[in-house]
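Heads up, the thing below is written out as structure tokens.
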Amino acid sequence: MEKPFSSSKVTVEYHDPHDVYKLLAPGLIPRLPLRDLHWQSHNGPVRSIQALHIELVPAGADRTSTFSPLTSPAAKPTESAPSRDDGFLAAQVGGQLAPIERVNTGETIPQGVAGAGKGRRHQIPGLRRTPYLKVLFVRCDDNETYKSATRAEIKEWIKNNTPQSKPASNAENHDAFEWLIVHVVIPNTVAATQPRVSGTKIPDGSSDAGSKTASSRWRGGSSTLLEKLRSDFNSSSRNAVDRVRQIRIGINDVPYDLLPRVVPAVPTGYQETEQDSENAWADLILKFKELILSSFDTRVSQYEEDIKERDGQRGLPGWNFCTFFILKEGLARGFESVGLVEDALVGYDELSVGLDAIIREQAISGSAEAHGGALLSYTEELKDFAKKAISEVARDSTQDDDETVDLQAPGKTQLDSSDEIPISTSKKPYRELILANNVSLFDFRCYIFARQISLLLRLANAWSTREELLAKLKEQQELVPRGVAPRTPAPKQADESENLAQLAEICRRTLEFVPAISMIARKDIMSALAVPDGERKDEGLSLEDPVITEVAENVIASFAFSVAQQILAQTSTRSLPIPPSTLGVPDGHEPKAAIPEPKTMMHPARNSSLHSRASQRPPPSPVGFPPRPPDPATPNSPFLKPGLEELAARRADLYALSRNILEECGKKRGWTGGWSSVPVVGEPDIAGMEDVSLDDEVSATDQDTDSQAGRQVLMAGLKNHLLSAALGSQDSFYRLYEILTDKALQHYTVAGHEHSIRTNLADLAVLKFSLGEFSEASSCFYRAIPVFGESGWSLLELSMLLMYARCLKELRQMDDYVNKALRQLLIKAAGAERDRLRQKSQLRLGSRSHVQYPESSSIAGYLTDLLAVSASLSKEVKIPLTSLFCDLEIDGPPIYDEGQDSFSLYLNLYSLVVDTFEVRQARLRIVCPSPGNSRDIWLENVGPVTIKPGRNRVRLRSSIMMMGTYEVDQIHLASSNVSLHYERDNGVLKNPKVTLYQRTSALDARLHTTKEVRLDRNNSLDLEVSSGWNDIKTCEVRIKSATGGLRLLMSEATVPGPIQPSKQFEGGVFTFGDIPPNTSVRIRFPFTIEHDLLNVAVKADVFYSTDKGSFGFSHTSSVPITLALGVNVQDVFKHDALFSRFSVSSASASPLRLFRSELLESEMFESFFGTPPSHPIVIFPKQPASLLYKVRRKPGVKPTTKKKQTLHLKLYYSVVQEEIEALFVEGISEQLDEAGLREYSKLVSSRVLHFVRGGLSANDLERAALLGELGTQFLSDVNWEKQFPGLGLMMPSTSNTPSGTAIRNCIDSWLKNNAKVLLSPNLDGAGMAPISIVIPVDITPITIVHTADIRLQEPIASVTGAVTSSATGYPTVCTNQVLPATLHLKWTRIWDTTAPEPARAGPGAVSAVPVVARSQDLEFGYEITAPSDTWLLGGRRKGHFVISAMPDADGEDGLTSTPDTEADIPLLLIPLREGWLPYPSVEIREVQANNGLEGGDMGRGHGHGEHHCETDYRNLGETVHVIADRGKVTLSLDASGPGGGPLVLESDRAIMSGKVIA
């Protein structure tokens, strides 16, 4: 194929009359190409040119010889050939000159300095080639030489090689160029000693202008040679371009033989520095950029103007598209020449669209001449080749056709590039043909596409373009004279990566080009064969001849195949990491055919330097097929380069295109990719069949003759060597088919196109299956099958599953055969049947479907095979139930068995498989949907179940009963070693909810709180197990805690009653023997809680057996454990008795009824109570009841540790709400019994209680407690029928009335007949026993109880003189009256019930330790206090007294004070104000020896050794009536008193018999 070398270069013509280029080249060539150029586009933003290559051409050289990139710029021209290129490119059009070009070619350019500037131009601008810049290299060593010769030579060169001052014409603007003079200074010359500009400072700091001696030596004045050149040859205008530059050659850069031997006699002291030299070179390169861009801008402007003018003439007669094409292509090549490849590509795209428009207009109008000119109707090369192929068939040349082509044999590796590289601009002189209007549409299209591909390859930085450019730069470097080192090292070429997006664009355009060009080629060939030859005008080929059609198709297929292979080779890149091939050599044998990879047929194979991971087989998925691989674009993927996925996908499409071409050619020979042998599972199409006569006989000779003739026709016209070799034999065909499919698969894998990957895998799998390579076929099937099911190709997927199953069976891989093939086959077949049923139901609604479904006979028997083979597998085969069945439904409510505690459910399911099979075990699980509830029940089949295709009904039974609402969670069907399982899936199972209720006659386990509560012991719970109608033989009860923090003390459990456990119970498991019907067993067990709880839950599991089988019952009950009442006690100690007041209140919103109370005596104390109430006391939440008990110590009883001192308060009560609930349950149950719904009593009662508890408020309960009745109207608004779903018909089933309806009628009837329920005055009428609670009451030991009593002396004189007594009433005194009084103090020890420590025997024995408070004297202090504004106290207000120790700590002496040990302290009390004044208070405290009097209450300790004392203040609550001491008062009613008030005129005191303090 061609190497599209880099055409981003412009021609720079240099004139070297003094032969100094070889000295300049070592410094100039390393600085090329020109970089970072910026050109302002006329129709867009600024264009940037990264690198612009310069082709230095000597004046007078033949520019056609510079076509090759390896041509040296200093090479001598071979001959003066006319130019045939445009004015932009240094590229040869190729081929021989067309006649029209020879006529229009100008004269040859004479050699020498004069050049060819005056040559005649071509009339078509797009065919000319001229330099962008002309450079004159001048050597002038001193001023004398400049004046005498050099200046005249430069003037002559400018005259002959530069445009005149007059405005340039349009033709000249097409060839616009700039010119430049470069003064080359040689060392050891006078020019080398001059500075570039006069006045430049010498290194020692002095100026040249300041040296008069040196300046006088210059005969021409002080101007340097550079200044003279600029003055003479630069324009004097303001915006003139500086066209003179100077380069000084270093002494080390000039060969010794060229170095001048004479050194100037008068040196100036100036020396060129390295920086000055570098600046001069940079200035020269900058000037090159400026002048070249100036020339380019002028040319582009002229081209755009001409193109616009020609395009405007499109509608005029004589307008020719070919001429317009050459003109516009010249602009595109101009853009290409300076590196603006994108703009050039846009130009060719516009030309392609223009050609389409011209062809379309010609087709519409029917006149070609009127619309752009006529093109040739056919291509001569295609015509010749087609006729040659037809003639070979006609001559029956079978010898060559029968030979097998081996592409790897010697002598066959060199292929004709014209055959294998159909797209090339050098294949024909396309531009000459286009200019001569002697081109066909086929050639026109091929040329445009070739130019587009070459530009895209440059944009992609393709390997061919880079290698050509590097070779060109290397050759330029080799032009440097040997022995002379360049002043600037050659720049290192950046390893620029390829643009994969542009390579992908090439492939995309090829995929669009091949079908379009194939249609054009077919029409071209048919048109060519329809025209007779010039020698035989009377004969023409018949286009109806099948030979012509076959040859034309072969030619087109060969061309399309070659185009695809060419583009695949051109877009090959190391940046594309291709995974390893999936093709393997089975059993270690060699390949069947010696067909190399298609890419290596034209180019050497290139290995990627990137590391590719070996493909690993993914782990099997739950359904037997691999999961979808991860997206290659993910961050963890190695394929992250931009455009990589797109390139891989487009190259894969090209490989697929090549394979399709090969496959179409193979079909004509009877070779296919294996799809013809795929098993058919679709419904047979009778209409598509045709009758075949069994009487027709064809001889073997005739068949062989027809086959041989067919092969001759089919092989004719195949020009591509690879394609013809593959079609030479069947093995070669399949080998190439595999290679192309594998290549496409590898590229699709990189691109991440999952669907295409699976499709190609399927093609490989079917091919391997047809060839009998089952191992490789199974591997491909494993990866390819899932994609077809996802895409809806159900029939194709079933066919592939059948082939996959056969592969695994042939390989004896039974595990995979069952789990991956048969399992998936049955699932997909069932899915197709489900779709058919759904479509059938839609057809009934009027819609139509043309979908084809699999035939049942093709799938029959595989389920039986699955069940048979699975029996030999070690693991169970699991298949989702919904994959093989549909219309899953729970048919109706549960069916309860009469006379036993079991129920059944009916499961309806529709079998989608075509085989009948027997289910060994069918199981169904129902679970409670409530969060945190793990209850579940399994139902199983009673006997074998046979599943037939279509609808089936299976009965499942359970002997475990648990009340509640459930949902179907799992369904399992087991047959052989296959398990069909169903997990909960919303919407799949119909009627999944199941409601179970407990029948009244069935076994029951109820949890209650015990009726007898003792607070001094652990509370207990009662579990009552009722046998119901069951005659139980054995029974096991398991009790577990269902509340966190609840601990059941099963070691202390008891079983009251006649039926006792048959063996010792432990761990909460109780085992019983025979339990007759309708018998209850009560189990009582205490419990403790770790934290406060309102309710506790206990789970009871009962497993029992009867004559009818084994059954189970499970129920979790929750009961409240909080006390319904609260009791507070207040103790008042007296000298000889204790008064305890108990306040009983309700702890809930419900009132209580207190029937009886008693304070049980102990060994130390006895209690007394007044007259008990005749009716129960109603205790409301805000109105507690008060109970007062008198407690006295039993005489003669000594306190010891063995004596029980604690009293117990026992209360008998009931909760009003519980009484109301019991009344509702009793009434509803009686109504249900009368209606024959006794078995629903427990269910209905639980629901009624739910609404009763929620419907009663605290006010309703208080009203019911007060009135003794409660209305039932709050239950009338409940829709009772909806409260009992899932009950079905009434029991027994002879009635057709739904149970919910019957229950509703029954409840409504009871509510109608019982508008009110009456509370019984006592619990006997309600059938309830009262709840009893025993509360321990401890008597706090009190060391001393003091009694203080202030007694006024009697008689007490009143204001009237009468005598009053405090004992008979409240004394009445006047203010300031002196009241003599006595403080009487007494004490007792009877309430000190502290027992002495008992004696200890044995070693270290000690006797009994007496109570310290009794064995020592106790000192107390008293203090009388009163408010200062109320009483004035006199006498001994403070004092101490001592209570002596008891003579016998355990005796009775000294327990109570005697008159001898009691104290009477005299006091004087004087009231200070009027009113009812309380007596002064008395405080008695124990006196400590170290602390003295202690403050605070007497009953509170103040340190170590203090004793608990109480004071009985007898005067508490008593008052003295104090009145004023005036008997008569005289007042003045006027305002003469102080402050305007009344004035007291006279006041008389009352007559008092006692003493009054004035």
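The values are calculated or read from the model by the stated rules, or taken from the named source; none is laboratory data. Keep in mind that what you see is a predicted model, and the values were worked out from it rather than measured. Neighbour counts run over all protein chains shown; Cβ positions are idealised from the backbone, glycine included. The accessibility values were calculated without ligands, DNA or RNA, using every heavy atom of the protein model including side chains. Shrake-Rupley method; radii C 1.70, N 1.55, O 1.52, S 1.80 Å.
Of all positions in region 426-439, at least one carries a residue that is of a type in the set (Phe, Trp, Tyr) and modelled with pLDDT of 85 or more. Within the bounds of region 236-243, is there any residue that is hydroxyl-bearing (Ser, Thr, Tyr) and outside any helix (DSSP H, G or I)? Within region 236-243 (the criterion being hydroxyl-bearing (Ser, Thr, Tyr) and outside any helix (DSSP H, G or I)), the answer is yes, since at least one residue qualifies. Just one residue in the set 848, 783, 806, 823 is in a loop (DSSP other than H, G, I, E, B), charged (D, E, K, R) and either at pLDDT 85 or above or more than 28 Å from residue 971 (Cα to Cα) (or both); that residue is 848. Selection over region 26-51 of residues that are crowded, with 20+ Cβ neighbours inside 10 Å, within 30 Å of residue 153 (Cβ to Cβ) and not β-branched (Val, Ile, Thr) gives a count of 5.
Test of understanding: among 868, 829, which residue is exposed (fewer than 14 other Cβ atoms within 10 Å of the Cβ) and touching a residue at least 40 places away in the same chain (Cβ under 8 Å)?
Values: 829 fails: exposed (fewer than 14 other Cβ atoms within 10 Å of the Cβ).
Exactly one residue qualifies, and that residue is 868.
Among the residues of region 320-335, write down those that are under 14 Å from residue 433 (Cβ atoms) and either in contact with a Ser or Thr (Cβ under 9 Å, 6 or more places away or on another chain) or open to solvent by less than 10 Å² (accessible area, probe 1.4 Å) (or both). Working first, answer last.
Of all residues in region 320-335, those under 14 Å from residue 433 (Cβ atoms) come to 320-323, 325-326, 329.
Within region 320-335, 321, 322, 325, 326, 329 meet the criteria.
Across region 1243-1269, the qualifying residues are those that are aliphatic (A, V, I, L, M) and touching a strand residue (DSSP E or B) at 6+ places or on another chain (Cβ under 6 Å), and the one among them that is most open to solvent (accessible area, probe 1.4 Å) is 1265.
Results for (1) in a strand (DSSP E or B); (2) among the hydrophobic types (A, V, I, L, M, F, W, C); (3) over 41 Å from the mean Cα position of the chain (by Cα), shown as yes or no for each residue.
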site	(1), (2), (3)
875	no, no, no
882	no, no, no
889	yes, no, no
894	yes, no, yes
899	no, no, yes
904	yes, no, yes
907	yes, yes, no
910	yes, no, no
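Report yes if some residue within region 280-292 is closer than 20 Å to residue 181 by Cβ, of a type in the set (Phe, Trp, Tyr) and either surrounded by 13 or more Cβ atoms within 10 Å (Cβ to Cβ) or at pLDDT 85 or above (or both); otherwise report no.
Looking only at region 280-292, we keep the residues that are closer than 20 Å to residue 181 by Cβ, and these are 280-292.
If we keep only those that are of a type in the set (Phe, Trp, Tyr) too, we end up with 281, 288.
Of the ones still in play, those that are also either surrounded by 13 or more Cβ atoms within 10 Å (Cβ to Cβ) or at pLDDT 85 or above (or both) are 281, 288.
Yes; the residues of region 280-292 include at least one that is closer than 20 Å to residue 181 by Cβ, of a type in the set (Phe, Trp, Tyr) and either surrounded by 13 or more Cβ atoms within 10 Å (Cβ to Cβ) or at pLDDT 85 or above (or both).
For region 694-738, residues that are modelled with pLDDT of 85 or more and part of a helix (DSSP H, G or I) total 15. Out of 749, 741, which single residue is in a helix (DSSP H, G or I), open to solvent by 10 Å² or more (accessible area, probe 1.4 Å) and of a type in the set (Val, Ile, Thr)? Being in a helix (DSSP H, G or I), open to solvent by 10 Å² or more (accessible area, probe 1.4 Å) and of a type in the set (Val, Ile, Thr) holds for just one of 749, 741, which is 749. Residues in region 1184-1203 include none that are at pLDDT 90 or above, closer than 23 Å to residue 1318 by Cα and open to solvent by less than 40 Å² (accessible area, probe 1.4 Å). The residues in region 920-936 that are free of Cβ contacts under 8 Å to residues at least 40 places away in the same chain and of a type in the set (A, V, I, L, M) can be counted, and the count is 0. Taken over region 1159-1182, the criterion of being closer than 23 Å to residue 1265 by Cβ and in contact with a strand residue (DSSP E or B) (Cβ under 8 Å, 6 or more places away or on another chain) is satisfied by 1172, 1176, 1177, 1178, 1179, 1180, 1181. Of the strands (runs of 3 or more DSSP E) lying entirely inside region 979-1030, those carrying at least 3 residues that are closer than 19 Å to residue 924 by Cβ are 993-996. Could you list, in sequence order, the residues of region 1204-1214 that are surrounded by fewer than 20 Cβ atoms within 10 Å (Cβ to Cβ) and in a strand (DSSP E or B)? Once the filter is applied, which keeps residues that are surrounded by fewer than 20 Cβ atoms within 10 Å (Cβ to Cβ) and in a strand (DSSP E or B), region 1204-1214 yields 1208, 1210, 1212.
Please find, among 1006, 1017, the residue that is more than 24 Å from residue 1229 (Cβ to Cβ), surrounded by fewer than 22 Cβ atoms within 10 Å (Cβ to Cβ) and not hydrophobic (A, V, I, L, M, F, W, C). Please lay out each step first, then the result.
Working: 1006 fails: more than 24 Å from residue 1229 (Cβ to Cβ).
Answer to the selection: 1017.
Specify the residue that is nearest to residue 1193 (Cα to Cα); the eligible residues are those in region 1339-1374 that are surrounded by fewer than 20 Cβ atoms within 10 Å (Cβ to Cβ) and at pLDDT 90 or above. Ranking the candidates gives 1349 first. For region 1082-1098, the criterion of being more than 57 Å from the chain's Cα centre (by Cα), in a strand (DSSP E or B) and not charged (D, E, K, R) is met by none of the residues. Scanning for something of a type in the set (D, E, K, R), at pLDDT below 75 and either touching a helix residue (DSSP H, G or I) at 6+ places or on another chain (Cβ under 9 Å) or open to solvent by less than 50 Å² (accessible area, probe 1.4 Å) (or both), does region 207-224 turn up at least one residue? Taking every residue of region 207-224 in turn, at least one turns out to be of a type in the set (D, E, K, R), at pLDDT below 75 and either touching a helix residue (DSSP H, G or I) at 6+ places or on another chain (Cβ under 9 Å) or open to solvent by less than 50 Å² (accessible area, probe 1.4 Å) (or both).
The set of residues in region 428-440 being in a helix (DSSP H, G or I) and surrounded by 20 or more Cβ atoms within 10 Å (Cβ to Cβ) consists of 430, 431, 432, 434, 435.
Any residue at all in region 288-306 that's assigned to a loop (DSSP other than H, G, I, E, B), in contact (Cβ under 8 Å) with a residue 40 or more places away in the chain and of a type outside the set (Lys, Arg)? No, that holds for no residue.
Just one of 838, 920 is at pLDDT 90 or above and surrounded by fewer than 15 Cβ atoms within 10 Å (Cβ to Cβ); which is it? Explain how you work it out, then say what you get.
Working: 838 fails: at pLDDT 90 or above.
Of 838, 920, the one residue that is at pLDDT 90 or above and surrounded by fewer than 15 Cβ atoms within 10 Å (Cβ to Cβ) is 920.
Scan region 991-1003 residue by residue and report those that are basic (Lys, Arg) and either surrounded by 20 or more Cβ atoms within 10 Å (Cβ to Cβ) or under 18 Å from residue 1080 (Cα atoms) (or both). The answer is 999, and nothing else. So, of the residues in region 1-17 that are at pLDDT 90 or above and open to solvent by 30 Å² or more (accessible area, probe 1.4 Å), which turns out to be nearest to residue 300 (Cα to Cα)? Within region 1-17, the match that is nearest to residue 300 (Cα to Cα) is 16. Taken over region 932-955, the criterion of being farther than 12 Å from residue 966 by Cα and open to solvent by 80 Å² or more (accessible area, probe 1.4 Å) is satisfied by 932, 942, 944, 948, 951, 953, 955.
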